[in-house]
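First up is the structure itself, then whatever we jot down about it.
The values are calculated or read from the model by the stated rules, or taken from the named source; none is laboratory data. Everything quoted here is computed from the prediction, not taken from an experiment. In this analysis, Cβ positions are derived from the backbone assuming ideal geometry, glycine residues included, and neighbour counts consider all displayed protein chains. What goes into the accessible areas is simple: the full protein's heavy atoms, side chains included, and nothing from ligands, DNA or RNA. Shrake-Rupley method; radii C 1.70, N 1.55, O 1.52, S 1.80 Å.
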Amino acid sequence: MEPYEGVDFYDIESLLTEEEIMIRDMVRDWVDEEVLPKIEHACAEGVFLDEWRVALGEMGVLGAPLKGYGCPGLSYVAYGLICQELERGDSGLRSFASVQGSLAMYPIWDFGTEEQKNHYLPKMTSGEWIGCFGLTEPDYGSNPGDMITKAEDMGDHYLLNGAKMWITNGTIADVAVVWAKLDGVIRGFIVEKGDEGFSAPEMKGKHSLKASVTSELVFQDCKIPKDRMLPGVKGLRGPFSCLNNARFGISWGALGAAMACFHSAKTYSLSRIQFDHPIASYQLVQNKLAWMLREITKGQLLAYHLGRKKDDGTWFNEQISLAKMNNVDIALEIARVARDIHGANGVLDEYPVMRHMANLESVKTYEGTHDIHNLIIGRYITGIQAFTRTV
Amino acid sequence: MSNIVVLVKQVPDTNAKIVVSGDRVDLSAVKKVMSPYDEFAVETALKHREANGGEVTALTLGGAGADKVLKDAKAIGVDHIVRIDTEDEHDSNALQSALATVLTEIGAEVVYCGKSAADTGAGSTGPGIAERLGWASVSNVISVAFESGLTVIAPSEGGNARISVPLPAVISCDKGDMKVRKPNVKGIMQAKKAKVEVKTVAMQGSTVSVVAHSMPPAKPAGKSYEGGAAAAEVARLLRDEANVI
């Protein structure tokens, strides 16, 4: 296939700093050399390659926007570009980085004690320790406020009981940030691999995010030392602030998957001859390609502007919801149209489109489903919450 | 402790589509990258520093736009970055003289460069500089050992030659089997802060000048054959004309 040069119809590169461009290119080159040649095999085997963990740590991209404690301290735009390039490789790879940085490292960085930050963050940014984030439960997905996992204060320790589900990195994690109710109030706890009463069996049988580890977290009278609670936050604000950062990264990441599908569709349509001419020469195909470029470009401008607002602190939650919802939605549709342009070849692992399509079905659902983000924006517009029947 | 210099050149991305506008190549819209063989030179220079100590300076020649290639080298790990400032086109003689002048000025003891640049493919810079400085020179080196002085391996007739090289020397590097190191975020942050030392050299006049650029002629249309009866003819053409069997 023709070498990948990115998609930048509106010259967004001219808005990036030299450092942001260098970081994007570093991750792009790594994905070309170390991910794309191996991703289909990893999906077939259902594994996340450990060498990717090592490389992400060596590149220094984990916990990208966090400052101090050995973390990179990059701009949110740089973080977005990292997510974009990783997800051009595979959503599973970007999920690993999102969970590590935004869902596991971020709450320790923002709500943890100095001792917790010094103990966990340097080893997590280097990739030595893998993190995961336990919020969703088997019966509480879009409605985490009603979670049943609970913590009890036993005097010299906490006792955790309950179960979490759909946890990226769970089985391979060294550190889990787990949200549980203590006296009816949601609090964050740091659980470590090997803690008594803690297990993390892997969930098998996924048709999506196959190169990513997804697990249950099970707590049966799990003993947690007192110094492992995050003191800095109470209630849903804790997990939601983590999700905001991860959703921001997804709004960029989804564009990477869309760019991969667009690139493949463009290249394929220029080389596939039907009725004596490349299918790219037919108006119906051009219409599809033009629509893909249009949606990617709009998504890029959305993500870029949101990134700069994250950097100067002028953003609000609903803006992140809109970007996550829109960019994943268009990416999934672009993957479907790209599969269509590839004809029967589109279902083969020779092309990336069906893999991205299947991945994006998960991405549309996790970190706030498409519908929940619509409700968040609906509440912003009307002032009326429509999550429950109680107005 | 060695004063190590690596020469790096910014060239059009080897995947870029080249356009000739009028009688000149138009590179305005083309992405620029470090010439691929220079990446092996940078890697070898860094290995030299790791083995023997010292500092590595990356040196290039060009306008301010060429600073990018120096920043790329800095992000990979060189200590200093220096650019000889010139916007004009120069021939190999002028370039080699300018580079030799600055190498003397900064006290270089060993110089690494790519075996040839991806744009011109001339391969004259390394040997040309060594000639001007009166230094030892070995080209197309695929491996370097630093244990007892400098020993390099370069292809020779029928195999490889192991060559002991006295310093000062200019070594031009081929791919070999080395894996080049890549930048990381820490390196990129250091590159962002790093200042390019800009040097001005009186450039000597070029002995030759480019009159015009042109695209290579289009490939002739392929021939197609049908049916088993053509097999013998196809085999003959593959053997006698294409020289592939």
Check your understanding: What is the extension gain from B:T207 to B:V19, computed as 0.36 nm multiplied by their sequence separation minus the C-alpha to C-alpha distance, in nm to one decimal?
Key -> 65.0 nm
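What does the charge dipole of chain B about its Cα centre add up to, to the nearest 20 debye, if the Cβ of each Lys and Arg holds +1 and the Cβ of each Asp and Glu holds -1?
Working: 27 positive and 29 negative charges, 160 e Å.
Dipole size: approximately 760 debye.
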Check your understanding: Percent of accessible area on the protein assembly as shown owned by carbon and sulfur, 1.4 Å probe?
Key -> 52 percent
**Study point:** For B:S137, distant residues with modelled amide H under 5 Å away
**Key:** B:V170
Practice item. Express the accessible area of the protein assembly as shown per residue in Å², computed with a 1.4 Å probe while the remaining protein chains stay in the model. Key: 46 Å²
**Study point:** Coil-residue chymotrypsin sites (Phe, Trp or Tyr not before Pro) of the stretch A:290-391, DSSP, other Cβ within 10 Å capped at 12
**Key:** A:F316
Exercise for review: Compute the separation of the alpha-carbon centres of the stretch B:87-150 and the stretch A:187-240 and state it in Å as a whole number.
Suggested key: 57 Å
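Given DSSP loops and a limit of at most 16 other Cβ atoms within 10 Å, what is the longest stretch of chain A that contains no such GluC sites (Glu not before Pro)?
Working: sites that count: A:E5, A:E128, A:E196, A:E350.
Counting at most 16 other Cβ atoms within 10 Å as exposed, the longest clean stretch of chain A is A:197-349.
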Review point. In Å², rounded to the nearest 100, what is the total accessible surface buried by chains B and A against each other with a 1.4 Å probe?
Key: 1300 Å²
Exercise for review: Work through the residues other than A:G141 whose Cβ is under 14 Å from its Cβ and net out their charges, Lys, Arg +1 and Asp, Glu -1.
Suggested key: -4
Point to revise | Under Karplus coefficients 6.51, -1.76 and 1.60, residue-wise ³J(HN,Hα) of the stretch A:189-206 in Hz, glycine/proline x | key: 10, 9, 10, 10, 3, x, 4, 4, x, 10, 9, 9, x, 7, 8, 10, x, 6
Study note, to complete from the structure: Percent antiparallel among DSSP beta bridges confined to the protein assembly as shown, rounded to 5, stands at 60 percent
Review point. Taking a 1.4 Å probe, which of A:F9, A:F240 shows the most accessible area, and what order do the others take after it?
Key: A:F9, A:F240
**Study point:** Distance in nm between pseudo-label sites at A:R379 and A:Q274 (7 Å out along the Cβ direction from Cα)
**Key:** 4.6 nm
Point to revise | Positions from the stretch B:68-86 whose accessible area shrinks by 30 Å² or more when the full protein complex is built, not the chain alone, probe 1.4 Å | key: B:K68, B:K71
Review point. Applying the Karplus parametrisation 6.51 cos²θ - 1.76 cosθ + 1.60 with θ = phi - 60° to the phi angles of the stretch B:199-208, what ³J(HN,Hα) value in whole Hz is obtained for each residue in order, glycine and proline being reported as x?
Key: 10, 10, 10, 5, 7, 6, x, 6, 7, 10
**Study point:** About the Cα centre, charge dipole magnitude for the protein assembly as shown (Lys/Arg +1, Asp/Glu -1 at Cβ), debye
**Key:** 1000 debye
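Explain nothing, just the number: relative contact order of the stretch A:128-234, from Cα pairs under 8 Å at least 6 residues apart, as a whole percent.
That works out to 31 percent.
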Point to revise | the stretch B:100-178: trypsin sites (Lys or Arg not before Pro) in DSSP coil with no more than 14 other Cβ atoms inside 10 Å | key: B:K175
Practice item. Putting +1 on Lys and Arg Cβ atoms and -1 on Asp and Glu Cβ atoms, find which of B:Q10, A:A163, B:T57 reaches farthest to the positive end of the dipole of the protein assembly as shown. Key: A:A163
Point to revise | Whichever lysines have a C-alpha closer than 22 Å to that of A:K117, once near sequence neighbours (fewer than 8 apart) are set aside | key: A:K67, A:K193, A:K223, A:K226, A:K234, B:K186
Check your understanding: Which whole number gives the average, over all residues in B:177-190, of C-beta atoms from other chains lying within 10 Å of the residue C-beta?
Key -> 5
Point to revise | Segment A:R294-A:F316, length gained on full extension (0.36 nm per residue, minus Cα span) | key: 5.3 nm
Exercise for review: Taking amide H positions as placed in the peptide plane 1.01 Å from N, state which residues far from B:V6 in sequence (5 or more) or on other chains have amide H under 5 Å from it.
Suggested key: B:T57, B:A58, B:L59, B:Y112
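Taking every DSSP beta bridge that has both residues in the stretch B:87-219, what percent is antiparallel when rounded to the nearest 5? If you can, show how the numbers build up before the last one.
Working: 10 of 19 bridges.
Taking every DSSP beta bridge within the stretch B:87-219, about 55 percent pair in antiparallel fashion.
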**Study point:** Stokes-Einstein D for the protein assembly as shown, Kirkwood Rh over Cα pairs, 4 °C, 1.567 mPa s (µm²/s)
**Key:** 47 µm²/s
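To the nearest 500 deg cm²/dmol, what mean residue ellipticity at 222 nm is calculated for chain A from DSSP H runs of n ≥ 4 alone, each contributing -39,500 (n - 2.57), summed and divided by the residues?
Numbers: 12 runs with 186 residues, N = 391.
It comes out at -15500 deg cm²/dmol, rounded to the nearest 500.
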Review point. Ordered by residue, what ³J(HN,Hα) values in Hz, to whole numbers, does the stretch B:180-189 give under the Karplus form 6.51 cos²θ - 1.76 cosθ + 1.60, where θ = phi - 60° and Gly and Pro are x?
Key: 7, 6, 10, x, 10, 4, 4, x, 5, 5
Practice item. Name the residues whose placed amide hydrogens come within less than 5 Å of the amide hydrogen of A:H157, ignoring near sequence neighbours (fewer than 5 apart) on the same chain. Key: none
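Using the structure shown, select from B:K31/B:K179; B:K9/B:K192; A:K266/B:K9 the pairs with a Cα to Cα distance greater than 30 angstrom.
Details: B:K31/B:K179 24 Å; B:K9/B:K192 19 Å; A:K266/B:K9 32 Å.
Beyond 30 Å: A:K266/B:K9.
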Check your understanding: Across peptide A:10-22, what mean number of C-beta atoms from other chains lies inside 10 Å of a residue's C-beta?
Key -> 2
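Are there any trypsin sites (Lys or Arg not before Pro) in the stretch A:201-248 that are in a DSSP loop and have at most 11 other Cβ atoms within 10 Å? List them by number. Spell out each step's value before the answer.
Working: sites: A:K204, A:K206, A:K210, A:K223, A:K226, A:R228, A:K234, A:R237, A:R247; in loops: A:K204, A:K206, A:K210, A:K234.
Counting only loop positions with at most 11 other Cβ atoms within 10 Å, the trypsin sites (Lys or Arg not before Pro) in the stretch A:201-248 are A:K204.
What net charge is computed for the residues neighbouring A:L103, neighbours being all others with C-beta under 13 Å from the C-beta of A:L103, Lys and Arg scored +1, Asp and Glu -1? Don't jump to the answer; show the numbers that get you there.
Details: positive: A:R94, A:K164, A:R247; negative: A:D110, A:E367.
Result for the local shell: +1.
Report the FRET efficiency, 1/(1 + (r/R0)^6), for B:T104 and A:D156, where r is their Cβ-Cβ distance and R0 is 56 Å, rounded to 0.05.
Details: r = 72 Å, r/R0 = 1.29.
FRET efficiency, B:T104 to A:D156: 0.20.
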